[in-house]
Amino acid sequence: MSSNSFTSRVPKYTFSSTLEEQERELANNVLTTRMAESRKALSGDQFRPIYHYVNPESTLNDPNGLCFWQGRWHLFYQGYPPEDPRQHWGHAVSDDLIHWRDLPYAIYPDPEEKCFSGATLVEKERVIAMYHGTEAGNMIAISKDPLLLNWDKLTGKPVIKLHPEDAPPELRVFDPCIWKKGDHYYSLSGGTLPHKPSGRRTSANFLFKSEDLVDWEYLHPFIEEDHFTLIGDDGACPYFWPIGDRYILLFFSHMSGGQALVGDYDKERDKFVVTSHHEFNFGSYGPSGVHAPSSTPDGNGGIITIFNMNPGMENRGWNQIMSLPRKLSLVDDDPIGKDMLKVVPAGNIESLRREHQHLQDLTLPVNQELVLQGVEGNAVELSVEIDTNEAPMIELNVFRSPGKEEFTRISFFRNRGYRNWERYDGWELGKRLDASDSLISIDSSYSSELPDALSRAPETAPVFLEADENLNLRIFLDKSVLEVFVNGKQCVAIRVYPSRQDSRGISIRSQGTSARLVTLDAWQMENIYRT
């Protein structure tokens, strides 16, 4: 690479325009061949997940441009090719959002220094990628072929400069998303504005408009009535989509991680009026927390979202991973409003299940840890229903060694969260508690005996359960990642690093009073990378 050129050192190929020809060309492609070899070489790492997406070589950063094109799901991500470890857009494709196939790098730097984050817009005849090119500005690339292998950069230069001439002086564009309304394209660029009167930075996303994708007019800051994000949050990696009869803006804060704002899109004024807020991690984004989203409509009023997750220790040859894809939709029966989110796993996760075990109707004795004999593993799905019977805490321990030298604790605290006054209905103690959120928490304090494995302060999230609603958990363990979905309403996820080979056990405990395990189903999970 010369001193005045950002041309990539990574081999780049032009592919044919038909699916049959592309498949034939991919069969002997140098990049996909070496990716397969790299996957095989890295597969022995005890902390490398087997059914979450992990990049095939080197490390990765944000997911980008998740989309559905000609019957397939496409995931892009910031990859770091070994011969030129600047961000290129890596690329994988899937029929079911679970089994991913590696494809060659999609978008290469030049004229930009690095290909940072961005989003895609699927049109009838093409897919538009809009992303940030460092040292240049916001770029657009277009692809039309069956597997989105060939990308052409519109104009060969940034369509929005780093500092647009018609924008406020504090605006420096980065991390755009794109959508279309009528005959015009719209783009958000991440950014911040000074809070008055403190002067500290607050999240702001700046809106641009274009008829032809080439000439963009700056309009204004897009968000109104945001009473939810924190001083110091920034609006990186935005994705703006309709969800049900509302709109959602997903984004990443370099201070507090992945989040979403829900509200109404005032199309006359081109403003987003915020009415509610949802978090995807609960504390700083690192170590071991949820990072940035990539999102796309599912075609049925919902949103498919995937996140990268940060490490809690250094790994040789690879680093971050992707979460399981999640489907977000609006709660349609919540008394405090129809802009609360449902959160459930997306994709054909059930296709990975094998070696099923089933338990039902077990009493959980008071204050006694019940180790589930024969139910164990470090790549497992658990589906659990518990009648908590007013127990103040229900605890599940996973990645548990027999002597409990290592374990990761999942705790549920019924009605121990904030009281929601919009649900409040009377002064009696029971009614006051019924108006409160419950809490789901993951504690990694004892997850690993390794000195360089960083535990995370307990990841604790609110979730509202009705008075007669049982606790329903879907728990996914995958070597160094733990994701817990709660009653289809909440998800908490962290990275953990159990070092012992026998840290595979599972136990349950009911604190304060007995409870009832209604059902527990456990499946060992298949490796999605086996050929």
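The values are calculated or read from the model by the stated rules, or taken from the named source; none is laboratory data. The model shown is predicted, which means the values in this text are computed figures rather than measured ones. Backbone-built Cβ (ideal geometry, glycine too); neighbour counts: all protein chains shown.
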Checking the condition surrounded by fewer than 21 Cβ atoms within 10 Å (Cβ to Cβ) and not in a strand (DSSP E or B), which residue from Glu385, Glu350 passes? Glu350
Cβ pairs under 9 Å, 6+ apart, first in the range 359-374 and assigned by TED's automatic domain parsing to the domain that holds Ser514 and at positive phi, second of a type in the set (A, V, I, L, M, F, W, C) and assigned to a strand (DSSP E or B): Asp361/Leu517; Asp361/Val518
Of all residues being surrounded by 21 or more Cβ atoms within 10 Å (Cβ to Cβ) and hydroxyl-bearing (Ser, Thr, Tyr) in the range 497-531, which is farthest from Phe407 (Cα to Cα)? Just the residue, please. Tyr529
Qualifying positions in the range 111-146 - acidic (Asp, Glu) and within 22 Å of Phe252 (Cβ to Cβ): Glu112, Glu113, Glu135
Checking Leu66 against (1) more than 21 Å from Val496 (Cα to Cα); (2) of a type in the set (A, V, I, L, M, F, W, C); (3) in a loop (DSSP other than H, G, I, E, B), which test does it fail? (3)
Criterion violated by Lys271 - all others in (1) over 30 Å from Leu454 (Cβ atoms); (2) in contact with a strand residue (DSSP E or B) (Cβ under 9 Å, 6 or more places away or on another chain); (3) surrounded by fewer than 18 Cβ atoms within 10 Å (Cβ to Cβ) satisfied: (3)
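Quick grid of which residues meet (1) in contact (Cβ under 8 Å) with a residue 60 or more places away in the chain; (2) over 15 Å from Thr59 (Cα atoms); (3) not in a strand (DSSP E or B):
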residue	(1), (2), (3)
Arg86	yes, no, yes
His91	no, no, no
Asp102	yes, no, no
Phe116	no, no, no
Lys124	no, yes, yes
Please tell me if Asp212 is charged (D, E, K, R), touching a residue at least 40 places away in the same chain (Cβ under 8 Å) and not in a strand (DSSP E or B). no
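For the range 287-310, name all the residues that are small (Gly, Ala, Ser) and more than 14 Å from the chain's Cα centre (by Cα). Give the derivation first.
Of the residues in the range 287-310, the ones small (Gly, Ala, Ser) are 288-289, 292, 294-295, 299, 301-302.
Passing the criteria: Gly299, Gly301, Gly302.
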Those residues that are outside any strand (DSSP E or B), of a type in the set (Val, Ile, Thr) and closer than 23 Å to His91 by Cβ, I need them from the range 146-204; list them, please. Thr155, Val159
Consider the range 384-418. How many of its residues are in contact with a Pro (Cβ under 6 Å, 6 or more places away or on another chain) and within 22 Å of Val481 (Cα to Cα)? 2
Pairs please, first residue from the range 342-357 and closer than 18 Å to Ile306 by Cα, second anywhere and among the acidic types (Asp, Glu) and modelled with pLDDT of 95 or more, Cβ atoms under 6 Å, 6+ apart in sequence or on different chains. Gly347/Asp96; Asn348/Asp96
Which ones in the range 56-112 are basic (Lys, Arg) and farther than 20 Å from His291 by Cβ? Arg72, Arg101
Do you know which of the residues in the range 155-171 that are within 26 Å of Ser256 (Cβ to Cβ) and surrounded by fewer than 17 Cβ atoms within 10 Å (Cβ to Cβ) is nearest to the chain's Cα centre (by Cα)? Leu162
Of residues in the range 58-84 being in contact with a helix residue (DSSP H, G or I) (Cβ under 9 Å, 6 or more places away or on another chain) and touching a residue at least 60 places away in the same chain (Cβ under 8 Å), the one surrounded by the most Cβ atoms within 10 Å (Cβ to Cβ): Pro81
Among the numbered conditions (1) at pLDDT 95 or above; (2) surrounded by fewer than 16 Cβ atoms within 10 Å (Cβ to Cβ), tell me where Pro335 comes up short. (1)
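So, of the residues in the range 447-467 that are small (Gly, Ala, Ser) and surrounded by fewer than 18 Cβ atoms within 10 Å (Cβ to Cβ), which turns out to be modelled with the highest pLDDT?
Ala457
The rows are residues; the columns are (1) under 27 Å from Pro498 (Cα atoms); (2) among the basic types (Lys, Arg); (3) in the same structural domain as Met313 (by TED's automatic domain parsing); (4) at pLDDT 95 or above.
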site: Thr388; (1), (2), (3), (4): no, no, no, yes
site: Val398; (1), (2), (3), (4): yes, no, no, yes
site: Ser401; (1), (2), (3), (4): yes, no, no, yes
site: Tyr418; (1), (2), (3), (4): no, no, no, no
site: Leu429; (1), (2), (3), (4): no, no, no, no
site: Ser445; (1), (2), (3), (4): yes, no, no, yes
site: Asn472; (1), (2), (3), (4): yes, no, no, yes
Mind listing whichever residues of the range 353-382 are within 31 Å of the chain's Cα centre (by Cα) and not in a strand (DSSP E or B)? Gly377, Asn378
Only one of Arg48, Arg101, Arg72 is in contact with a Lys or Arg (Cβ under 8 Å, 6 or more places away or on another chain) and among the basic types (Lys, Arg), namely Arg48
